[in-house]
Amino acid sequence: MSEPIRVVVTGAAGQIAYSLLYMVAKGDVFGPNQPLILHLLDIPPMMGVLEGVVMELDDCALPLLHGVVPTDDPAVAFKDVSAAFLVGAMPRKQGMERKDLLSANVKIFKVQGEALDQHAKKDVKVLVVGNPANTNALICSRYAPSIPKENFTAMTRLDQNRAQAQIAQKLKVPSRQVSNLIIWGNHSSTQVPDASHAGVEINGSVLPVPEVVKDAAWLNSTFVETVQKRGAAVINARKMSSAMSAAKAASDHMRDWFMGTQPGKFVSMGVVSDGSYGAPKDVIFSFPVSIKGGKWEIVKGLEINDFAKKLLEVTGKELEEERQEAIQIIEA
Ligand code: NAI
(Lines give C-alpha, C1' and ligand atoms only; values in the text may rest on other atoms or scores of the structure.)
Protein backbone atom coordinates (compact mmCIF):
# COMPACT_ATOMS: atom_id res chain seq x y z
CA MET A 1 0.00 0.00 0.00
CA SER A 2 1.26 3.49 -0.87
CA GLU A 3 0.96 6.66 1.22
CA PRO A 4 -2.55 8.19 1.13
CA ILE A 5 -3.15 10.98 -1.39
CA ARG A 6 -5.47 13.91 -0.73
CA VAL A 7 -8.41 14.37 -3.07
CA VAL A 8 -10.86 17.28 -2.94
CA VAL A 9 -14.48 17.20 -4.11
CA THR A 10 -16.32 20.53 -4.17
CA GLY A 11 -20.10 20.73 -4.08
CA ALA A 12 -19.68 17.80 -1.73
CA ALA A 13 -23.17 18.07 -0.25
CA GLY A 14 -24.79 17.99 -3.71
CA GLN A 15 -26.27 15.21 -5.77
CA ILE A 16 -23.36 14.36 -8.10
CA ALA A 17 -20.98 14.24 -5.15
CA TYR A 18 -23.30 11.83 -3.35
CA SER A 19 -22.52 9.19 -6.00
CA LEU A 20 -18.98 10.36 -6.80
CA LEU A 21 -17.64 10.19 -3.25
CA TYR A 22 -18.48 6.52 -2.97
CA MET A 23 -16.89 5.69 -6.32
CA VAL A 24 -13.68 7.57 -5.44
CA ALA A 25 -13.49 6.24 -1.87
CA LYS A 26 -13.85 2.60 -2.92
CA GLY A 27 -10.99 2.75 -5.40
CA ASP A 28 -12.69 3.20 -8.80
CA VAL A 29 -10.44 6.12 -9.73
CA PHE A 30 -7.01 5.72 -8.11
CA GLY A 31 -7.01 1.94 -7.95
CA PRO A 32 -7.33 -0.71 -5.25
CA ASN A 33 -3.87 -0.02 -3.74
CA GLN A 34 -4.11 3.73 -3.33
CA PRO A 35 -5.44 4.93 0.05
CA LEU A 36 -6.85 8.44 0.17
CA ILE A 37 -8.02 11.26 2.38
CA LEU A 38 -11.11 12.99 1.04
CA HIS A 39 -11.47 16.76 1.42
CA LEU A 40 -15.10 17.86 1.10
CA LEU A 41 -15.86 21.51 0.28
CA ASP A 42 -19.27 23.11 0.29
CA ILE A 43 -20.76 26.46 1.34
CA PRO A 44 -21.60 27.33 4.98
CA PRO A 45 -25.40 26.68 4.76
CA MET A 46 -24.67 23.12 3.58
CA MET A 47 -22.40 22.12 6.51
CA GLY A 48 -25.25 20.27 8.26
CA VAL A 49 -25.98 18.18 5.17
CA LEU A 50 -22.27 17.59 4.69
CA GLU A 51 -22.07 16.19 8.20
CA GLY A 52 -24.58 13.54 7.14
CA VAL A 53 -22.49 12.69 4.07
CA VAL A 54 -19.42 12.27 6.31
CA MET A 55 -21.39 9.95 8.62
CA GLU A 56 -22.38 7.82 5.64
CA LEU A 57 -18.81 7.67 4.35
CA ASP A 58 -17.70 6.56 7.83
CA ASP A 59 -20.45 3.94 7.87
CA CYS A 60 -19.31 2.48 4.55
CA ALA A 61 -16.18 1.29 6.44
CA LEU A 62 -14.14 1.53 3.23
CA PRO A 63 -10.63 0.08 3.52
CA LEU A 64 -8.98 2.72 1.29
CA LEU A 65 -10.49 5.74 3.02
CA HIS A 66 -7.98 7.00 5.60
CA GLY A 67 -9.76 10.22 6.51
CA VAL A 68 -12.41 12.78 5.63
CA VAL A 69 -12.01 16.56 5.99
CA PRO A 70 -15.33 18.44 5.63
CA THR A 71 -14.96 22.22 5.34
CA ASP A 72 -16.34 25.47 3.97
CA ASP A 73 -12.85 26.98 3.74
CA PRO A 74 -11.09 26.68 0.34
CA ALA A 75 -7.67 27.03 2.05
CA VAL A 76 -8.36 23.84 4.03
CA ALA A 77 -10.08 22.06 1.15
CA PHE A 78 -7.24 22.51 -1.36
CA LYS A 79 -4.32 21.91 1.05
CA ASP A 80 -1.85 19.42 -0.49
CA VAL A 81 -4.38 17.85 -2.85
CA SER A 82 -3.22 15.70 -5.77
CA ALA A 83 -6.60 15.61 -7.50
CA ALA A 84 -9.52 18.05 -7.53
CA PHE A 85 -13.07 17.35 -8.66
CA LEU A 86 -14.67 20.81 -8.96
CA VAL A 87 -18.34 19.87 -8.96
CA GLY A 88 -19.86 22.75 -6.96
CA ALA A 89 -21.14 25.65 -9.01
CA MET A 90 -23.92 28.20 -9.06
CA PRO A 91 -26.90 26.54 -10.77
CA ARG A 92 -28.87 28.35 -13.48
CA LYS A 93 -32.07 29.63 -11.90
CA GLN A 94 -35.24 30.57 -13.73
CA GLY A 95 -34.92 33.83 -15.62
CA MET A 96 -31.13 33.87 -15.25
CA GLU A 97 -29.22 35.08 -18.30
CA ARG A 98 -26.04 33.32 -19.39
CA LYS A 99 -24.14 36.40 -18.27
CA ASP A 100 -25.58 36.21 -14.72
CA LEU A 101 -24.65 32.54 -14.54
CA LEU A 102 -21.15 33.26 -15.81
CA SER A 103 -20.76 36.12 -13.39
CA ALA A 104 -21.63 33.98 -10.34
CA ASN A 105 -19.34 31.20 -11.50
CA VAL A 106 -16.41 33.39 -12.44
CA LYS A 107 -16.34 34.50 -8.81
CA ILE A 108 -16.41 30.93 -7.48
CA PHE A 109 -13.73 29.65 -9.85
CA LYS A 110 -11.50 32.64 -9.26
CA VAL A 111 -11.48 31.92 -5.51
CA GLN A 112 -10.89 28.22 -6.10
CA GLY A 113 -8.12 28.89 -8.65
CA GLU A 114 -6.34 31.12 -6.13
CA ALA A 115 -6.73 28.50 -3.41
CA LEU A 116 -5.35 25.78 -5.70
CA ASP A 117 -2.43 28.06 -6.59
CA GLN A 118 -1.56 28.63 -2.94
CA HIS A 119 -2.33 25.32 -1.31
CA ALA A 120 -2.50 22.39 -3.75
CA LYS A 121 0.37 20.23 -5.00
CA LYS A 122 1.90 21.78 -8.11
CA ASP A 123 1.08 18.65 -10.14
CA VAL A 124 -2.58 18.58 -9.03
CA LYS A 125 -4.96 17.31 -11.70
CA VAL A 126 -8.11 19.44 -11.82
CA LEU A 127 -11.39 18.30 -13.36
CA VAL A 128 -14.16 20.90 -13.63
CA VAL A 129 -17.67 19.43 -13.71
CA GLY A 130 -19.69 22.48 -12.56
CA ASN A 131 -21.22 24.39 -15.46
CA PRO A 132 -20.34 26.24 -17.63
CA ALA A 133 -17.55 23.67 -17.21
CA ASN A 134 -15.18 24.71 -20.02
CA THR A 135 -15.11 28.39 -19.13
CA ASN A 136 -15.02 27.69 -15.39
CA ALA A 137 -11.89 25.59 -15.99
CA LEU A 138 -10.34 28.43 -17.99
CA ILE A 139 -10.96 30.95 -15.20
CA CYS A 140 -9.68 28.57 -12.55
CA SER A 141 -6.45 28.04 -14.48
CA ARG A 142 -6.01 31.78 -15.00
CA TYR A 143 -5.98 32.33 -11.23
CA ALA A 144 -3.57 29.47 -10.60
CA PRO A 145 -0.51 30.57 -12.60
CA SER A 146 1.91 28.34 -10.66
CA ILE A 147 0.11 25.19 -11.89
CA PRO A 148 0.55 24.16 -15.55
CA LYS A 149 -2.41 24.99 -17.83
CA GLU A 150 -2.46 21.36 -18.94
CA ASN A 151 -3.57 20.39 -15.43
CA PHE A 152 -6.99 22.04 -15.85
CA THR A 153 -9.64 20.07 -17.70
CA ALA A 154 -13.41 20.17 -18.17
CA MET A 155 -15.75 17.21 -18.30
CA THR A 156 -17.27 16.07 -21.58
CA ARG A 157 -16.97 12.41 -20.61
CA LEU A 158 -20.66 12.15 -19.77
CA ASP A 159 -21.45 13.18 -23.34
CA GLN A 160 -18.91 10.65 -24.63
CA ASN A 161 -20.40 7.89 -22.49
CA ARG A 162 -23.89 8.81 -23.68
CA ALA A 163 -22.68 8.61 -27.28
CA GLN A 164 -21.07 5.23 -26.64
CA ALA A 165 -24.31 3.92 -25.11
CA GLN A 166 -26.38 5.11 -28.10
CA ILE A 167 -24.10 3.34 -30.58
CA ALA A 168 -24.03 0.16 -28.47
CA GLN A 169 -27.83 0.09 -28.31
CA LYS A 170 -28.15 0.73 -32.05
CA LEU A 171 -25.78 -2.18 -32.76
CA LYS A 172 -27.17 -4.35 -29.93
CA VAL A 173 -23.73 -4.96 -28.40
CA PRO A 174 -22.50 -4.30 -24.84
CA SER A 175 -21.12 -0.77 -24.51
CA ARG A 176 -17.59 -2.02 -23.72
CA GLN A 177 -17.33 -3.23 -27.35
CA VAL A 178 -17.68 0.37 -28.61
CA SER A 179 -14.76 2.83 -28.44
CA ASN A 180 -13.26 6.08 -29.72
CA LEU A 181 -16.38 8.24 -29.71
CA ILE A 182 -15.49 11.94 -29.83
CA ILE A 183 -17.10 15.00 -28.29
CA TRP A 184 -15.75 18.21 -29.78
CA GLY A 185 -15.97 21.67 -28.27
CA ASN A 186 -18.10 23.03 -25.47
CA HIS A 187 -20.07 21.02 -22.92
CA SER A 188 -23.28 22.74 -24.05
CA SER A 189 -25.89 22.25 -26.73
CA THR A 190 -23.30 23.24 -29.37
CA GLN A 191 -21.11 20.22 -28.57
CA VAL A 192 -20.34 17.99 -31.53
CA PRO A 193 -20.79 14.24 -30.89
CA ASP A 194 -18.86 12.41 -33.60
CA ALA A 195 -18.96 8.67 -34.31
CA SER A 196 -17.00 8.82 -37.56
CA HIS A 197 -13.76 7.54 -35.98
CA ALA A 198 -15.42 5.14 -33.54
CA GLY A 199 -14.86 1.40 -33.60
CA VAL A 200 -16.96 -1.59 -32.61
CA GLU A 201 -15.48 -4.93 -31.67
CA ILE A 202 -17.21 -7.80 -33.40
CA ASN A 203 -15.87 -11.37 -33.25
CA GLY A 204 -12.48 -10.16 -32.03
CA SER A 205 -11.86 -7.48 -34.68
CA VAL A 206 -12.55 -3.77 -34.48
CA LEU A 207 -14.68 -2.42 -37.34
CA PRO A 208 -15.48 1.24 -38.16
CA VAL A 209 -18.82 2.22 -36.61
CA PRO A 210 -20.11 4.09 -39.72
CA GLU A 211 -19.61 0.93 -41.84
CA VAL A 212 -21.43 -1.27 -39.36
CA VAL A 213 -24.28 1.17 -38.61
CA LYS A 214 -24.78 1.77 -42.37
CA ASP A 215 -27.16 4.65 -41.66
CA ALA A 216 -25.46 8.02 -42.24
CA ALA A 217 -28.72 9.93 -41.74
CA TRP A 218 -29.16 8.40 -38.27
CA LEU A 219 -25.53 9.12 -37.36
CA ASN A 220 -25.74 12.74 -38.56
CA SER A 221 -29.08 13.61 -36.99
CA THR A 222 -30.83 11.31 -34.49
CA PHE A 223 -27.60 10.18 -32.85
CA VAL A 224 -26.19 13.72 -32.56
CA GLU A 225 -29.44 15.20 -31.23
CA THR A 226 -30.05 12.39 -28.74
CA VAL A 227 -26.62 12.94 -27.21
CA GLN A 228 -26.96 16.73 -27.23
CA LYS A 229 -30.39 16.61 -25.58
CA ARG A 230 -29.85 13.69 -23.24
CA GLY A 231 -29.32 15.93 -20.20
CA ALA A 232 -32.69 17.61 -20.76
CA ALA A 233 -34.38 14.21 -21.29
CA VAL A 234 -33.07 13.00 -17.92
CA ILE A 235 -34.30 16.18 -16.20
CA ASN A 236 -37.74 15.72 -17.77
CA ALA A 237 -37.99 12.16 -16.54
CA ARG A 238 -36.29 12.42 -13.15
CA LYS A 239 -37.13 16.04 -12.34
CA MET A 240 -33.48 16.35 -11.35
CA SER A 241 -30.35 16.55 -13.47
CA SER A 242 -28.06 13.61 -14.28
CA ALA A 243 -26.14 12.70 -11.17
CA MET A 244 -25.20 8.99 -11.09
CA SER A 245 -24.04 9.09 -14.71
CA ALA A 246 -22.24 12.42 -14.18
CA ALA A 247 -20.40 10.94 -11.19
CA LYS A 248 -19.44 7.84 -13.21
CA ALA A 249 -18.16 10.08 -16.02
CA ALA A 250 -16.09 12.17 -13.58
CA SER A 251 -14.57 8.93 -12.23
CA ASP A 252 -13.81 7.69 -15.75
CA HIS A 253 -12.19 11.01 -16.71
CA MET A 254 -9.91 11.17 -13.67
CA ARG A 255 -9.07 7.43 -13.76
CA ASP A 256 -7.97 7.61 -17.39
CA TRP A 257 -5.95 10.76 -16.66
CA PHE A 258 -4.08 9.02 -13.82
CA MET A 259 -3.90 5.52 -15.32
CA GLY A 260 -3.66 6.27 -19.07
CA THR A 261 -5.53 5.09 -22.16
CA GLN A 262 -5.05 1.77 -23.96
CA PRO A 263 -2.93 1.82 -27.15
CA GLY A 264 -5.07 2.95 -30.11
CA LYS A 265 -7.85 4.18 -27.84
CA PHE A 266 -8.75 7.78 -27.05
CA VAL A 267 -11.16 9.66 -24.79
CA SER A 268 -12.63 13.16 -24.92
CA MET A 269 -11.62 15.85 -22.45
CA GLY A 270 -11.98 19.61 -22.38
CA VAL A 271 -8.33 20.75 -22.47
CA VAL A 272 -6.50 23.97 -23.27
CA SER A 273 -6.64 24.37 -27.04
CA ASP A 274 -3.49 24.61 -29.15
CA GLY A 275 -5.58 25.48 -32.22
CA SER A 276 -5.77 21.87 -33.50
CA TYR A 277 -8.60 21.15 -35.95
CA GLY A 278 -9.20 24.90 -36.41
CA ALA A 279 -10.39 25.37 -32.82
CA PRO A 280 -9.71 28.77 -31.26
CA LYS A 281 -6.54 28.82 -29.16
CA ASP A 282 -6.54 29.26 -25.38
CA VAL A 283 -10.08 28.17 -24.69
CA ILE A 284 -10.89 24.89 -22.98
CA PHE A 285 -12.06 22.83 -25.96
CA SER A 286 -13.04 19.17 -25.90
CA PHE A 287 -10.72 17.09 -28.09
CA PRO A 288 -9.94 13.39 -28.43
CA VAL A 289 -6.86 12.76 -26.29
CA SER A 290 -4.60 9.83 -25.54
CA ILE A 291 -2.97 9.68 -22.13
CA LYS A 292 0.36 8.26 -20.96
CA GLY A 293 2.22 8.77 -17.70
CA GLY A 294 -0.41 11.21 -16.43
CA LYS A 295 -0.09 13.50 -19.48
CA TRP A 296 -2.73 13.93 -22.17
CA GLU A 297 -2.01 14.61 -25.80
CA ILE A 298 -4.49 15.73 -28.45
CA VAL A 299 -4.94 13.02 -31.11
CA LYS A 300 -3.83 14.64 -34.36
CA GLY A 301 -4.55 13.95 -38.01
CA LEU A 302 -8.14 12.70 -37.84
CA GLU A 303 -10.15 13.49 -40.93
CA ILE A 304 -12.99 15.96 -40.39
CA ASN A 305 -15.69 16.34 -43.03
CA ASP A 306 -17.07 19.74 -44.07
CA PHE A 307 -20.32 19.23 -42.17
CA ALA A 308 -18.44 18.60 -38.90
CA LYS A 309 -16.02 21.47 -39.61
CA LYS A 310 -18.94 23.93 -39.63
CA LEU A 311 -20.23 22.57 -36.31
CA LEU A 312 -16.76 22.81 -34.78
CA GLU A 313 -16.65 26.44 -35.80
CA VAL A 314 -19.97 27.14 -34.04
CA THR A 315 -18.93 25.52 -30.76
CA GLY A 316 -15.51 27.24 -30.93
CA LYS A 317 -17.19 30.59 -31.41
CA GLU A 318 -19.41 30.00 -28.40
CA LEU A 319 -16.35 29.29 -26.26
CA GLU A 320 -14.68 32.49 -27.47
CA GLU A 321 -17.80 34.45 -26.56
CA GLU A 322 -17.94 32.86 -23.10
CA ARG A 323 -14.25 33.67 -22.58
CA GLN A 324 -14.80 37.28 -23.60
CA GLU A 325 -17.82 37.66 -21.29
CA ALA A 326 -15.93 36.05 -18.42
CA ILE A 327 -12.95 38.36 -18.91
CA GLN A 328 -15.26 41.40 -19.03
CA ILE A 329 -16.74 40.30 -15.70
CA ILE A 330 -13.28 39.86 -14.17
CA GLU A 331 -12.07 43.23 -15.39
CA ALA A 332 -15.26 45.13 -14.47
P1 NAI B 1 -26.34 20.26 -6.70
O2 NAI B 1 -27.06 21.56 -6.71
O3 NAI B 1 -27.02 19.03 -6.21
O4 NAI B 1 -24.99 20.41 -5.87
C5 NAI B 1 -24.12 21.49 -6.03
C6 NAI B 1 -23.44 21.72 -4.70
O7 NAI B 1 -22.43 22.72 -4.92
C8 NAI B 1 -24.39 22.25 -3.61
O9 NAI B 1 -24.26 21.48 -2.45
C10 NAI B 1 -23.90 23.69 -3.42
O11 NAI B 1 -24.08 24.14 -2.09
C12 NAI B 1 -22.42 23.53 -3.77
N13 NAI B 1 -21.75 24.80 -4.06
C14 NAI B 1 -22.23 25.93 -4.61
N15 NAI B 1 -21.30 26.90 -4.61
C16 NAI B 1 -20.18 26.36 -4.07
C17 NAI B 1 -18.89 26.87 -3.79
N18 NAI B 1 -18.56 28.14 -4.07
N19 NAI B 1 -17.99 26.04 -3.21
C20 NAI B 1 -18.32 24.77 -2.91
N21 NAI B 1 -19.53 24.24 -3.13
C22 NAI B 1 -20.46 25.02 -3.71
O23 NAI B 1 -25.81 20.09 -8.21
P24 NAI B 1 -25.28 18.76 -8.93
O25 NAI B 1 -26.42 18.07 -9.57
O26 NAI B 1 -24.39 18.01 -8.02
O27 NAI B 1 -24.45 19.45 -10.13
C28 NAI B 1 -23.28 20.18 -9.88
C29 NAI B 1 -22.80 20.89 -11.15
O30 NAI B 1 -22.44 19.96 -12.14
C31 NAI B 1 -23.83 21.80 -11.80
O32 NAI B 1 -23.17 22.99 -12.20
C33 NAI B 1 -24.27 21.04 -13.02
O34 NAI B 1 -24.73 21.89 -14.05
C35 NAI B 1 -22.97 20.37 -13.40
N36 NAI B 1 -23.08 19.20 -14.27
C37 NAI B 1 -22.10 19.04 -15.23
C38 NAI B 1 -22.11 17.96 -16.06
C39 NAI B 1 -21.06 17.80 -17.11
O40 NAI B 1 -21.19 16.87 -17.91
N41 NAI B 1 -20.02 18.60 -17.17
C42 NAI B 1 -23.16 16.94 -15.97
C43 NAI B 1 -24.12 17.17 -14.92
C44 NAI B 1 -24.06 18.27 -14.11
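The values are calculated or read from the model by the stated rules, or taken from the named source; none is laboratory data. Just so we're clear, the structure is a prediction, and the values are computed from it rather than from any experiment. Using ideal geometry, Cβ is built from the backbone for each residue, glycine included, and neighbour counts are taken over all protein chains shown. All accessible areas refer to the heavy atoms of the entire protein, side chains included, with ligands and DNA or RNA removed. Shrake-Rupley method; radii C 1.70, N 1.55, O 1.52, S 1.80 Å.
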Taking the stretch 191-220 only, how many residues are within 23 Å of the chain's Cα centre (by Cα) and more than 12 Å from the ligand (Cβ to nearest atom)?
-> 8
Could you grab me the full set of residues in the stretch 167-186 that are away from the ligand (no atom under 14 Å from the Cβ) and closer than 21 Å to Phe307 by Cα?
-> Ile167, Asn180, Leu181, Ile182, Trp184
Flag for Lys309 being open to solvent by 30 Å² or more (accessible area, probe 1.4 Å), without any contact (Cβ under 8 Å) to a residue 24 or more places away in the chain and in contact with a Gly (Cβ under 8 Å, 6 or more places away or on another chain) | no
For the stretch 78-94, indicate whether the set of residues that are touching a residue at least 24 places away in the same chain (Cβ under 8 Å) and part of a helix (DSSP H, G or I) is non-empty.
-> no
Could you list, in sequence order, all residues of the stretch 188-212 that are under 22 Å from Phe307 (Cβ atoms), outside any strand (DSSP E or B) and open to solvent by 20 Å² or more (accessible area, probe 1.4 Å)?
-> Ser188, Ser189, Thr190, Ser196, His197, Pro210, Glu211, Val212
Considering each of Pro4, Pro32, Pro63 in turn, give the residue that is more than 9 Å from the ligand (Cβ to nearest atom), closer than 17 Å to Ala120 by Cα and open to solvent by 10 Å² or more (accessible area, probe 1.4 Å).
-> Pro4
Scanning the stretch 161-187 for residues that are open to solvent by less than 30 Å² (accessible area, probe 1.4 Å) and under 19 Å from Val283 (Cβ atoms) gives Ile182, Ile183, Trp184, Gly185, Asn186
Out of the stretch 115-125, which residues are touching a helix residue (DSSP H, G or I) at 6+ places or on another chain (Cβ under 8 Å) and crowded, with 17+ Cβ neighbours inside 10 Å?
-> Ala115, Leu116, His119, Val124, Lys125
Would you check which residues across the stretch 221-261 are open to solvent by less than 10 Å² (accessible area, probe 1.4 Å) and more than 12 Å from the ligand (Cβ to nearest atom) and list them?
-> Phe223, Ser251, Met254, Trp257
Tabulated pairs, the stretch 26-37, first in contact (Cβ under 8 Å) with a residue 40 or more places away in the chain, second small (Gly, Ala, Ser), C-beta under 8 angstrom, 6+ apart or interchain = Asp28/Ser251; Val29/Ala83; Val29/Ser251; Phe30/Ala83
If we keep just the residues of the stretch 86-114 that are more than 10 Å from the ligand (Cβ to nearest atom) and at pLDDT 95 or above, which is least open to solvent (accessible area, probe 1.4 Å)?
-> Gly113
Number of positions in the stretch 227-263 that are of a type in the set (Ser, Thr, Tyr), farther than 24 Å from Ile139 by Cα and part of a helix (DSSP H, G or I) | 1
May I ask you to say which residue of Lys300, Lys310, Lys317 is more than 24 Å from Pro208 (Cα to Cα) and of a type in the set (Lys, Arg)?
-> Lys317
Any residue at all in the stretch 36-59 that is more than 9 Å from the ligand (Cβ to nearest atom), under 19 Å from Ala243 (Cβ atoms), part of a loop (DSSP other than H, G, I, E, B) and open to solvent by 50 Å² or more (accessible area, probe 1.4 Å)?
-> no
Among residues of the stretch 66-82 being more than 16 Å from the ligand (Cβ to nearest atom) and among the small types (Gly, Ala, Ser), the residue surrounded by the fewest Cβ atoms within 10 Å (Cβ to Cβ) is Gly67
Between a first residue in the stretch 168-180 that is in a helix (DSSP H, G or I) and a second residue that is aromatic (Phe, Trp, Tyr), which pairs have beta carbons less than 8 Å apart while being 6 or more apart in sequence or on different chains?
-> Lys170/Trp218; Lys170/Phe223
